[in-house]
Amino acid sequence: MKNIPFGKPIINHGEFRAVNKVLKSGKYVHGKKSIEFENNFKFFTKSKFAVTVSSCTAGMHLFYFINGIKKGDEVILPAQTHVATAHAIELVGAKPIFVDSELQTGNINISKIERLITKKTKAISIVHFLGIPVDMIEIKKIAKKYKLLLLEDCALALGSKVKKKHVGLFGDAGVFSFYPVKHITSAEGGMVITNNKKLAEKIKSVKAFGVDKNYNQRNFPGKYDVKELGFNYRMSEIHASIGVEQMKKLNFFLKQREKNFFYLFKALSKNEHFYVISNKNKKILSSNYCMSIILKKNNSNRTSIIKNLNKNGIGTSIYYPKPVPLMSYYKKKYNYKNSEFINALKISERSISFPVGPHLKKSDLNLMIKKINEIIK
Ligand SMILES: *Cc1c(COP(=O)(O)O)cnc(C)c1O
């Protein structure tokens, strides 16, 4: 029987050769591959600076740490996101303030942000849900008015644009993820982009223990000083070499995702039992991470639908299983109530996500359409 996975990295000759070369070279950190990956990323996003990190979570943690966000501070973020967006705030001791979603795109409800801003608010963290960009022009206005830092979690938004400008460049920094099922992978890894030179340099230092001279900058072997506290959030040359190869395929990947998304969208939007999370704003370009449908009926049996789809070889996922404030850790700590996140809950409880990635063939798409319409009726 057919088996269509939700996500599958496309790894071939180039990646195998690149990893082999690094392994043979004996140079596993502080090498040329990370710099090449950063340069490719700068070129693609048109950012002034790009810094490799060990994951998107590490990149976001660094951002708050470097900007001195700490206990007693508050950061505003969407409720419907990966837990990492909130964890990065918790890790520096600040309090995450969650905002409910809008139903059509799943993105943060912008109209609810301003009333949550207090004297303690230091930053806004924006997530481009499933790659659909948030209206960053509006967000920027709010951040400017209240003098707040602005971080973009772009983990699912490589290729997403607002008015032709790549996401991640509207705020102070944007952070990307290269976890295996994202748009491109380096097995594990992340990238921070920014147009702020000072911030970029600080990230480079703090991601590597806060040493004043990295391995290549030392004029005397083994000699360096440490002027600040730091982490080890570096990306290895092995990971970076995979990233460099994946960047060569990125434009092709994005085209395939767009084609697959609209092929499914066209065929499935006739089904009256669900609607598709999508973007109706012509000024923004989505990276088409996946296709999420929201079942219309309140008590529609999502579990049995998913089981049936999986049994027929159709891979699915859920983005995300619970709004973050209602995950046990956050619910226990801050006592958030379900009633505060009605739309985020609706998306968690009624959505089913389908693949649109470049691993799909036309026959896969046709089978998905056939089975989805057969099972959800
Ligand atoms: C995957 C994901 C992350 C986590 O990325 P890592 O690279 O695994 O740390 C963060 N935010 C969002 C929105 C994600 O989808």
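The values are calculated or read from the model by the stated rules, or taken from the named source; none is laboratory data. All values derive from a computational prediction rather than experimental measurement. No Cβ is skipped: glycine too gets one built from the backbone with ideal geometry, and neighbour counts run over all protein chains shown. These area figures cover heavy atoms from the full protein model, side chains too; ligands, DNA and RNA do not enter into them. Shrake-Rupley method; radii C 1.70, N 1.55, O 1.52, S 1.80 Å.
What distance in nm separates the two pseudo spin-label positions at K119 and K297, each 7 Å out from Cα along the beta-carbon direction?
Reported label-point gap for K119 and K297 is 5.3 nm.
With the calculation restricted to Cα positions, what are the radius of gyration and Dmax of the range 113-164 in angstrom?
11.7, 35
If a helix is a whole DSSP H run, which ones in the chain reach 27 Å or further along their own axis (Cα) and hold a mean Kyte-Doolittle hydropathy of at least -1.0?
237-268
For the range 100-214, just say rounded, prolate or oblate: build the C-alpha gyration tensor, square-root its eigenvalues into a ≥ b ≥ c, call rounded for a/c under 1.5, and beyond that prolate if a/b exceeds b/c, oblate if not.
oblate
Which value, in Å² and to the nearest 10, is the accessible area of K311 when all protein chains are kept and the probe is 1.4 Å?
Taking all protein chains as shown, K311 has close to 150 Å².
Label Y146 and V29 with points 7 Å out from Cα along Cα→Cβ: what is the distance between them in nm?
3.8 nm
Please work out the C-alpha center-to-center distance from the range 345-377 to the range 156-218 and express it in whole Å.
Each part's Cα centre sits 32 Å from the other's.
If R₀ is 41 angstrom, what is the calculated FRET efficiency for the pair I375 and S111, using the beta carbon separation as r and rounding to 0.05?
The pair I375/S111 has a calculated efficiency of 0.70.
How large is the dipole of the range 1-146 about the Cα centre if only Lys and Arg carry +1 and Asp and Glu carry -1, each at its Cβ, rounded to the nearest 20 debye?
520 debye
Restricting to Cα pairs below 8 Å that are 6+ residues apart, what does the relative contact order work out to for the chain? Please round to a whole percent.
Relative contact order here is 23 percent.
Restricting to Cα pairs below 8 Å that are 6+ residues apart, what does the relative contact order work out to for the range 106-171? Please round to a whole percent.
Over the range 106-171, the number comes to 34 percent.
Express in Å², to the nearest 10, the accessible area of R218 obtained by rolling a 1.4 Å probe over the protein heavy atoms while all chains stay in place.
60 Å²
Could you give the Stokes-Einstein D for the range 303-346 in µm² per second, using the C-alpha Kirkwood radius, 37 °C, 0.692 mPa s?
269 µm²/s
Could you list which residues have their amide H under 5 Å from that of I126, counting only those 5 or more apart in sequence or on another chain, with H placed in the peptide plane?
L151, E152, D153
Give me the log10 of I(q) over I(0) for the range 207-257 at q = 0.24, 0.27, 0.29 Å⁻¹, as the Debye formula computes it from C-alpha points; what are the numbers?
Values returned for q = 0.24, 0.27, 0.29 Å⁻¹ are -0.91, -1.00, -1.05.
Starting from 0 in steps of 20 Å, tell me what percent of the Cα-Cα pairs of the chain lands in each bin.
Going out from 0 Å in 20 Å bins, the chain shows 28, 57, 15, 0 percent.
In debye, nearest 20, what is the charge dipole magnitude of the chain about its Cα centre with +1 on Lys and Arg Cβ and -1 on Asp and Glu Cβ, if you could check?
560 debye
Measure off 7 Å from each Cα along the Cα-to-Cβ vector at K259 and H87, then give the distance between these two points in nanometres to one decimal.
Label-label distance for K259 and H87, simple model: 3.6 nm.
Computing the accessible area with a 1.4 Å probe over protein heavy atoms, can you report the carbon and sulfur percentage for the chain?
55 percent
Taking θ as phi - 60°, what are the ³J(HN,Hα) couplings along the range 291-297 by the Karplus curve (6.51, -1.76, 1.60), each to the nearest whole Hz, with x for Gly and Pro?
Result, ordered by residue: 10, 9, 10, 10, 5, 7, 6 Hz.
Any of K21/K255; K70/K337; K33/K119; K112/K332; K24/K164; K249/K337 with alpha carbons more than 32 Å apart? Name them for me.
Cα-Cα > 32 Å for K33/K119; K24/K164; K249/K337; rest within.
Have a look at F252, G59, N308 and report the one farthest towards the positive end of the charge dipole of the chain, computed about the Cα centre with Cβ charges (Lys/Arg +1, Asp/Glu -1).
Farthest along the dipole direction, towards plus: F252.
Could you tally the net charge around S25, taking each other residue with its Cβ under 10 Å from the Cβ of S25, Lys/Arg +1 and Asp/Glu -1?
Result for the local shell: +4.
Starting from the Cα-Cα distance between L103 and N196, subtract it from 0.36 nm times their residue separation and give me the gain in nm to one decimal.
Extra length available between L103 and N196 comes to 30.1 nm.
From a point 7 Å beyond the Cα of E272 in the direction of its Cβ, which residues of the range 297-339 have a backbone N at a distance under 19 Å?
So the set is 297-301.
Return the whole-Å distance between the Cα centroid of the range 247-300 and the Cα centroid of the range 90-151.
Measuring centre to centre over Cα atoms gives 24 Å.
Arranged from highest to lowest average of other beta-carbon atoms within 10 Å per residue, in what order do the peptides 337-344, 27-34, 350-357 appear?
350-357, 27-34, 337-344
Using the Cα gyration tensor of the range 1-156, with a ≥ b ≥ c the square roots of its eigenvalues, what is the shape: rounded (a/c below 1.5), prolate (a/b larger than b/c) or oblate (neither)?
In terms of gyration-tensor shape, prolate.
With r defined as the distance between the Cβ atoms of N232 and S328 and R0 fixed at 30 Å, what FRET efficiency is calculated, to the nearest 0.05?
Result of the calculation: an efficiency of 0.55.
Summing Lys, Arg as +1 and Asp, Glu as -1, what charge do residues with Cβ under 15 Å from the Cβ of N40 carry, N40 excluded?
Value of the local net charge: +2.
How much length, in nm to one decimal, is gained on full extension between K282 and K249, taken as 0.36 nm per residue of separation minus their Cα-Cα distance?
9.3 nm
What per residue convex hull volume, in Å³, comes out for the range 242-337 when only alpha-carbon positions are used?
Convex hull volume per residue, Cα atoms: 207 Å³.
May I ask you to derive the FRET efficiency for K71 and E349 from their Cβ-Cβ distance with R0 = 35 Å, giving the value to the nearest 0.05?
Given R0 = 35 Å and the Cβ-Cβ separation, E is 0.55.
Tell me, what is the percent relative contact order of the range 99-242, built from C-alpha pairs under 8 Å that lie six or more residues apart?
Contact order relative to length: 14 percent.
Once the piece of chain linking K165 and F6 is laid out straight, how much longer is it, given 0.36 nm per residue of separation minus the C-alpha distance between them?
Extending this stretch completely gives an extra 54.4 nm.
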